[in-house]
Amino acid sequence: NYSLGERQKIRMARVILRGSKVLVMDEATASMDVNTDAEIQSVVRRNFKGCTVLTIAHRLESVTDASR
């Protein structure tokens, strides 16, 4: 069995490989530590620059660089 954090990373990889233009994240990094959260946010910023990203987050760091 995969941990919650591992499953989230697998889901993120699938979205990147599909080349989706819209990304919806509902507490995507809630089950991860702060360092992994920062890594995921970096991946989102790099891979989804021209995409619509909707984020539901409880951590301020997850949305600090959001446009709206």
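The values are calculated or read from the model by the stated rules, or taken from the named source; none is laboratory data. The model shown is predicted, which means the values in this text are computed figures rather than measured ones. All Cβ positions, glycine included, derive from the backbone under ideal geometry; neighbour counts span all protein chains shown. Quick note on the areas: whole protein, heavy atoms, side chains included, nothing else; ligands and nucleic acids left out. Shrake-Rupley method; radii C 1.70, N 1.55, O 1.52, S 1.80 Å.
Observations on the structure shown:
- Within region 16-27, residues that are under 16 Å from S42 (Cα atoms) have Cβ atoms under 6 Å from residues that are modelled with pLDDT of 80 or more and among the aromatic types (F, W, Y) in these pairs: L23/F48, counting only partners at least 6 apart in sequence or on another chain.
- Among residues of region 37-64, those that are assigned to a loop (DSSP other than H, G, I, E, B), surrounded by fewer than 12 Cβ atoms within 10 Å (Cβ to Cβ) and either at pLDDT 80 or above or of a type outside the set (S, T, N, Q) (or both), counted: 3
- Among residues of region 1-36 being open to solvent by 60 Å² or more (accessible area, probe 1.4 Å) and closer than 17 Å to S67 by Cβ, the one that is modelled with the lowest pLDDT is V24.
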